[in-house]
Amino acid sequence: MNYSKADKKGILVIGIGNSGRSDDGLGWRFADMLAALETENVDIEYRYQLQVEDALLVSEYAVVIFADASQETLEKGFAIRPCMPGSNYYFSSHMQSAETVLYLAKELYQTKPKAYTLAIAGYDWELGTSLSKQAQQNLLLAFDHFANAFLSELQSMKVKG
Amino acid sequence: MNRKITIDPVTRVEGHGRVTIHLDEYGQVKDSFFHIVEFRGFERFIQGHPYWEAPVLVQRLCGICPVSHHLAAAKAIDQIVGIDPKDLSPTATKLRCLMHFGQIFQSHALHFFYLASPDLLFGVDAPAEKRNVVAVAEENRDLAVKGITMRKFGQEIIKAVAGKKIHGILAVPGGVHKTFTEKERDYFLDGKNIENIDTMIEWSLGMVDFMRDYHEKHRRFLDDFAQFPSGHMGMVNETGGLDMYDGKLRAIDSEGDRTLNDISTDLYQEYFSEAVAQWSYMKFPYLKKLGREKGWNRVGPLARMNICDYIPTPLAEKARQDFIAFTGKKVNNSTMYSHWARLIEVLHAAEVIKDLLHDDDLHGDDLVRKGMRRSKGIGIIEAPRGTLTHHYEVDEKGMITRCNLIVSTTHNNDAMNTAVKWVANNVISRKGHVTDSMLNQVEVAIRAYDPCLSCATQAMGKMPLKAELYNYKGELIDELLKG
């Protein structure tokens, strides 16, 4: 991997969710699976919710992926979309959108990492530590695409920090 | 026409609350309430669990102050294994203090920079889109960067001793499960990876100076806004100095006379009772001898400045002297001074952290001690938001049979309701209409107490806050919903 900006780290994947809430744990499960690959230049973090100070964290990376469960109906069971800075502010101190975190990184640290959201469709949000059958299938599809196609694309990119 | 205003959700607080304001036919405020509308019942469902699980389970009450619950529960559970605070090893006590002051540092930083600073920087009349940390980042980058860095420093301290920033574990019955390595210590001293503790002290001093200047410039508003007489309570050491980890309970009335004279925390039940109201899940603690109406106390930074004789670190003590001199050394009953008091505690926490990082006891290996089993344990600490009580009783098998939690925000229940009434009477009453700015001032008054409503009710889920205006017929005629 060749990042033009020497002081930037590589790829950050943030798994977001709560593994005690059934399919809300999709983001963490995805992060677990990716961590098991031990891919060079890929760091993994886990979050219940994104927070203001995550702006500092994402500012240190060239590429950031926000992996989270989604209530949307997704044709393939998952979706990877570019994520741009946006100043929509949530009222709580400890729950920010990915767009706001990127916006704060831009405002405070003058960095704009290439960012994506990875949404994986979930169905069951009740208390429990296992995924629903359909969510499990979506997770495997998302991981297969990410690990075998999307990640390679990112790795081959020469990201300009 | 009588009207009723509701603010639901109250924003930039931790948890979900709702404010209702009732007006009479002349537009004058008839009554107002700060409702807490979630309930989870931690005190009940922890029953039947073994005592050693308590310090781990109860920190799930909250994602903001889990450390405080972890340590208060640990102090109570220590007693169940026969260990009083004085019997804990120096290593265990100091590691717990390091975690505790890391928590105070990061929690206060979060409140000031993320939640309160928009009110102070942009004013209570600022448009809603400016009243958030994004606007602070846009207009005061230096302040926002310092806020994030200071919060991160406190969180890194917690992570170093407990393994995780949120819901980590340090305390075990009778001690701690790990020591602190010199490498871990150097991380906070050498400044190679993060800003070091000296920078944290320097920035904390700068923030105290900023706040003092702010008070000079806005004195009348800060003196008057939500000012009302009340009791104040906190913990002090044997010589009357502020003690945020372990001490005796002291309370004073609005004139400074003692209403609770440095009692052992084990005796809290003899002095306190808790009332309930139909319109809130949050209880109302009060001193029995003064009764329900007069016996309630404010807790937290402002109360602690009022009740202690000194702060046992030099820079924070100097700042406290300046603070009390500013108002003629009288008991300070002005809600908005909570922010200044909170920043003095940030400075105190930074000084304590520095002292601890230079203390070789942190690296000791005497981690856990054991004594004779008991059936009851009471742990009280000064959490960021105020006095926090955990009380457990266990059966002969060590299963919890009773749990009572009096959370800091619960002590401030009457104070927050009184503050809401002040705003309702002084800002909203007889104005003929209700503006967003007026409703924001209700929130400003609540926010000064940094309430953690999820802790106070042990609530869960998405927790915004709402305001409603009702007429004399009880009909909803205006509302503001946030979140």
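The values are calculated or read from the model by the stated rules, or taken from the named source; none is laboratory data. Keep in mind it's a predicted model, so treat the numbers as computed, not measured. Reconstructed Cβ throughout: ideal geometry from the backbone, glycine too, with neighbour counts over all protein chains shown.
Does A:A31 qualify as being surrounded by fewer than 18 Cβ atoms within 10 Å (Cβ to Cβ), at negative phi and away from chain B (no Cβ under 11 Å)? Spell out the reasoning first.
Working: surrounded by fewer than 18 Cβ atoms within 10 Å (Cβ to Cβ): no; at negative phi: yes; away from chain B (no Cβ under 11 Å): yes.
Answer is no for this residue.
Sort through A:S70, A:S130 and tell me the only one that's buried (at least 18 other Cβ atoms within 10 Å of the Cβ) and of a type in the set (S, T, N, Q).
On the way: A:S130 fails: buried (at least 18 other Cβ atoms within 10 Å of the Cβ).
That would be A:S70, the only listed residue that is buried (at least 18 other Cβ atoms within 10 Å of the Cβ) and of a type in the set (S, T, N, Q).
Kindly provide the set of residues from region B:138-166 that are of a type in the set (D, E, K, R) and either out of contact with any Lys or Arg (no Cβ under 6 Å at 6 or more places or on another chain) or within 10 Å of chain A (Cβ to nearest Cβ) (or both), ordered by number. I'd like the intermediate steps shown before the answer.
Keep residues of region B:138-166 that are of a type in the set (D, E, K, R), which gives B:138-139, B:141-142, B:146, B:151-152, B:156, B:159, B:164-165.
Answer for region B:138-166, where residues must be of a type in the set (D, E, K, R) and either out of contact with any Lys or Arg (no Cβ under 6 Å at 6 or more places or on another chain) or within 10 Å of chain A (Cβ to nearest Cβ) (or both): B:E138, B:E139, B:R141, B:D142, B:K146, B:R151, B:K152, B:E156, B:K164, B:K165.
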If you check B:L260, B:L290, which single one turns out to be more than 25 Å from B:S117 (Cβ to Cβ), in contact with a strand residue (DSSP E or B) (Cβ under 9 Å, 6 or more places away or on another chain) and in a helix (DSSP H, G or I)? B:L290
Test of understanding: among A:A135, A:A115, which residue is touching a residue at least 24 places away in the same chain (Cβ under 8 Å) and under 26 Å from A:V101 (Cα atoms)? A:A115
The correct count of residues that are surrounded by fewer than 21 Cβ atoms within 10 Å (Cβ to Cβ) and within 12 Å of B:Y449 (Cα to Cα) in region B:391-417 is 0
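Confirm whether B:L95 is within 30 Å of B:K248 (Cβ to Cβ), surrounded by 22 or more Cβ atoms within 10 Å (Cβ to Cβ), away from every other protein chain (no Cβ under 13 Å) and not small (G, A, S). Write out each step before concluding.
On the way: within 30 Å of B:K248 (Cβ to Cβ): yes; surrounded by 22 or more Cβ atoms within 10 Å (Cβ to Cβ): yes; away from every other protein chain (no Cβ under 13 Å): yes; not small (G, A, S): yes.
For B:L95, the condition - within 30 Å of B:K248 (Cβ to Cβ), surrounded by 22 or more Cβ atoms within 10 Å (Cβ to Cβ), away from every other protein chain (no Cβ under 13 Å) and not small (G, A, S) - is met.
This table checks each residue for (1) touching a Leu at 6+ places or on another chain (Cβ under 8 Å); (2) farther than 30 Å from B:C403 by Cα; (3) at pLDDT 90 or above.
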{"site": "B:M99", "(1), (2), (3)": "yes, no, yes"}
{"site": "B:S117", "(1), (2), (3)": "yes, yes, yes"}
{"site": "B:K146", "(1), (2), (3)": "no, yes, yes"}
{"site": "B:Q155", "(1), (2), (3)": "no, no, yes"}
{"site": "B:G175", "(1), (2), (3)": "yes, no, yes"}
Does region B:62-78 hold any residues that are within 14 Å of another protein chain (Cβ to nearest Cβ) and not in a loop (DSSP other than H, G, I, E, B), and which are they? B:P66
Over region B:342-385, the set of residues crowded, with 16+ Cβ neighbours inside 10 Å and either at positive phi or in a loop (DSSP other than H, G, I, E, B) (or both) is B:D359, B:G364, B:L367, B:R369, B:P384, B:R385
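Please pick out the residue among B:V124, B:V81 that is within 17 Å of B:I169 (Cβ to Cβ), more than 14 Å from chain A (Cβ to nearest Cβ) and crowded, with 19+ Cβ neighbours inside 10 Å. Before the answer, list the steps.
Working: B:V124 fails: within 17 Å of B:I169 (Cβ to Cβ).
The conditions single out B:V81.
With respect to B:E184, determine if the residue is surrounded by 15 or more Cβ atoms within 10 Å (Cβ to Cβ), at pLDDT 95 or above and of a type outside the set (F, W, Y). Before you say what the answer is, go through the steps one by one.
Values: surrounded by 15 or more Cβ atoms within 10 Å (Cβ to Cβ): yes; at pLDDT 95 or above: yes; of a type outside the set (F, W, Y): yes.
When the stated conditions are applied, B:E184 passes them.
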Checklist (1) in contact (Cβ under 8 Å) with a residue 24 or more places away in the chain; (2) in contact with an Asp or Glu (Cβ under 8 Å, 6 or more places away or on another chain) applied to B:H100, failing item: (2)
Residues that are in a helix (DSSP H, G or I), closer than 17 Å to B:D414 by Cβ and not aliphatic (A, V, I, L, M), drawn from region B:293-332: B:E293, B:K294, B:N306
Some residue of region B:122-136 being within 22 Å of the chain's Cα centre (by Cα), closer than 28 Å to B:T335 by Cβ and part of a helix (DSSP H, G or I): yes
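Can you list the helices (runs of 4 or more DSSP H) found entirely within region A:43-161 that contain at least 2 residues being of a type in the set (G, A, S), over 18 Å from A:L26 (Cα atoms) and within 14 Å of another protein chain (Cβ to nearest Cβ)?
Working: elements: A:54-59, A:98-109, A:133-145, A:151-156.
Output list reads A:54-59.
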Mind counting the residues in region B:238-283 that are touching an Asp or Glu at 6+ places or on another chain (Cβ under 6 Å) and either buried (at least 18 other Cβ atoms within 10 Å of the Cβ) or of a type in the set (A, V, I, L, M) (or both)? 5
Just wondering, is there one or more residues in region B:371-383 that are of a type outside the set (A, V, I, L, M, F, W, C) and under 18 Å from B:D309 (Cα atoms)? yes
